[in-house]
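Visitor: There's a structure below that I have some questions on.
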Amino acid sequence: MTESADSVSGGVDATVETFQREVIERSREVPVVVDFWAEWCGPCHALAPVLEREIASREGAVELVKVNVDASPALAQEYGIRGIPAVKGFKDGRIAAEFVGAQPPPAVASFVDGLLEPPRLHGLVEELRVNGELADVVAALDEGDASRALELLLVAVTTAADSERARLRDVAVAIFDHLGHDDAVTVSYRRRLATALY
């Protein structure tokens, strides 16, 4: 990774050619914050040092990548950038959180902290394991088989008492969040779960 030479300093510059490696692949190892900016954008220059400070204070737990929207319009289009600065936090190869516009330091700190929190699903799975609940769902998730876990939850919802349905729904929603809302498995099972619940 090469250090940025732009007037908006800090972080790594990504282009269409490097985005896959610098952001998507890297975010499978550590969260990556992507700052979509432009040289002429005053709020971008105001936000940049705030982002840099917050990320530097995490000592390598999260990384910063910058995309100049004028130099990489295809990336700006691909990620639906309509206003800048636009900041997107990537985890596990997908967008996990985002905001648009210059934000105050506490809001930026909260955004970065949110990226560093373990996924909600991990906590729920541990809770289920400790309580001895939904062992077949836990086993499917341990094997990385989200489809099977969701199928098992869907079957359980159809026979569950109303008091148990909320818990099953929470586990399913945590799986959807983990997979990403655009994931094909999420799209398919979200619809089926909604039909079964309502």
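Visitor: Could you go through segment 106-114 in sequence order and give the Karplus-derived ³J(HN,Hα) for each residue, using 6.51 cos²θ - 1.76 cosθ + 1.60 with θ = phi - 60°, rounded to whole Hz, and x for Gly and Pro?
Guide: Once rounded to whole Hz, the list reads x, 5, 5, 4, 5, 4, 5, 4, x.
Visitor: Can you list the GluC sites (Glu not before Pro) in segment 1-109 that are in a DSSP coil and have 11 or fewer other beta carbons within 10 angstrom?
Guide: In loop regions of segment 1-109 (DSSP not H, G, I, E or B), the sparsely surrounded GluC sites (Glu not before Pro) are Glu17, Glu29, Glu59.
Visitor: Do any chymotrypsin sites (Phe, Trp or Tyr not before Pro) in segment 27-66 lie in a DSSP loop with no more than 12 other beta carbon atoms within 10 Å, and if so, which?
Guide: Passing sites in segment 27-66 are Trp40.
Visitor: Still on this structure, I have one more. How tilted is helix 184-197 with respect to the longest principal axis of the chain? Cα atoms for both, answer in degrees (0 to 90, nearest 10).
Guide: Value to nearest ten degrees: 40.
Visitor: Moving to a separate point now. With Cα extents along the principal axes in Å as the read-out, I listed (1) 60, 43, 22; (2) 60, 31, 28; (3) 41, 40, 25; which label goes with the value calculated from this structure?
Guide: Comparing each candidate, only (2) matches the computed number.
Visitor: What is the calculated FRET efficiency for Asp136 to Arg94, with r their C-beta to C-beta distance and R₀ = 45 Å, to the nearest 0.05?
Guide: Taking R0 as 45 Å, the efficiency between Asp136 and Arg94 is 0.95.
None of the figures in this text is laboratory data; all of them are computed from the coordinates on show. Just so we're clear, the structure is a prediction, and the values are computed from it rather than from any experiment. Glycine gets a Cβ as well: all are built from the backbone with ideal geometry, and neighbour counts include every protein chain shown.
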